[in-house]
Amino acid sequence: MLKLYSYWRSTAAYRVRIALNLKRLSYQTIPVHLIKDGGEQHKPEYLEKNPQGLVPLLEDNGNYLSQSIAICEYLDETHEGPKLLPSEPFLRAQVRSVCQAIACDIHPINNLRILKYLKGELGVSDEAKASWYHHWIQQGFKALELQLTRDQEQGPFAFGTEITLADAFIVAQMYNARRFKVDLSAYPRLVAIEQHCLTLDAFKDAQPESQPDAA
């Protein structure tokens, strides 16, 4: 069985859970608490599996794979079930573009370790930390909203009537934005995609509060 090393609130792990559910794959969740005891991701036994000390981490027959995009594409390429990346090359590249905009540009500068560094090492106030978070979310969402409104045939999902990996990444990042109370009124397309996806079991079952390690 596939094993997913995960933390319930991790946006990156959330994406992978959605992908696993969309592919209809069974997997075992192995919780890695990112806060308790200084963060279980820093313990030697976990670093031996993932030297980056991050989640998610996928274990498949004793082999370990990190980074959410790599994990999701690996699952799509090696297992049957609905395809998460379209077969048409340009559309596939567009889906990857949205995923990378989230995973490479928006999320990394707003994740837990960055926010902890801002507050703990640089001594910024809670208000300044929130301003930092909101600024980068809003900048990234503004571009995605324009891209998905202007360039795509409208449908319930990011790219029309078929679910793609872009939907998983959008839903997970929207959860994060809501958690930090970002005003989403300027992004109706992203909100509509999120709300439609959350009517589906694959997305609902992957939600952070539904995870076995949810606090």
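Values quoted throughout were computed directly from the atomic coordinates according to the rules given, and no laboratory measurement underlies them. Here the structure is a predicted model, which is why all the values come from computation and not from measurement. FYI the Cβ positions are ideal-geometry reconstructions off the backbone, even for glycines, and counts take in every protein chain you see.
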Taking placed amide H atoms and a strict 5 Å upper bound, the residues 5 or more places from Leu2 or on another chain that come that close are Gln28
Once normalised by the length of the chain, the mean sequence separation of its alpha carbon contacts under 8 Å that are 6 or more apart gives a contact order in percent of 25
Applying the gyration tensor rule to the Cα atoms of the chain (axes a ≥ b ≥ c; rounded if a/c under 1.5, else prolate if a/b exceeds b/c, else oblate), the class is oblate
Checked the stretch 40-107 against the a/c 1.5 cut and the a/b vs b/c comparison, axes a ≥ b ≥ c from its Cα gyration tensor; verdict oblate
Once the dipole of the chain is set up from charges on Cβ (+1 Lys and Arg, -1 Asp and Glu), the residue from the list Ala130, Ala168, Pro44 lying farthest towards its positive end is Ala130
For the stretch 34-77, shape from the Cα gyration tensor axes a ≥ b ≥ c, cut at a/c of 1.5 then a/b versus b/c, turns out prolate
With the dipole of the stretch 2-82 defined by +1 on each Lys or Arg Cβ and -1 on each Asp or Glu Cβ, the option from Trp8, Gly53, Thr29 whose Cα lies farthest towards the positive pole is Trp8
Relative contact order as a percentage, the stretch 89-202, C-alpha pairs under 8 Å and 6+ apart, gives 30
Under the Karplus relation with 6.51, -1.76 and 1.60 and θ = phi - 60°, whole-Hz ³J(HN,Hα) for the stretch 28-39, x at Gly and Pro, equal 9, 8, 10, x, 10, 6, 7, 10, 4, 6, x, x
A correct Karplus calculation of ³J(HN,Hα) over the stretch 196-207, with 6.51 cos²θ - 1.76 cosθ + 1.60, θ = phi - 60°, whole Hz and x for Gly and Pro, returns 5, 4, 6, 7, 9, 4, 4, 7, 4, 5, 8, 4
Treating only Lys and Arg (+1) and Asp and Glu (-1) as charged, each at its beta carbon, one finds that the stretch 1-74 has a dipole about its Cα centre, in Debye to the nearest 20, of 320
Under 5 Å from the placed amide H of Gly160, counting only residues 5+ away or on other chains, we find Gly155
To the nearest 20 debye, the stretch 89-202 has a Cα-centred charge dipole, built from +1 on Lys and Arg Cβ and -1 on Asp and Glu Cβ, of 320
For the stretch 107-115, Karplus-derived ³J(HN,Hα) couplings (6.51, -1.76, 1.60; θ = phi - 60°; whole Hz; x for glycine and proline) come out as 5, x, 8, 10, 7, 4, 5, 5, 5
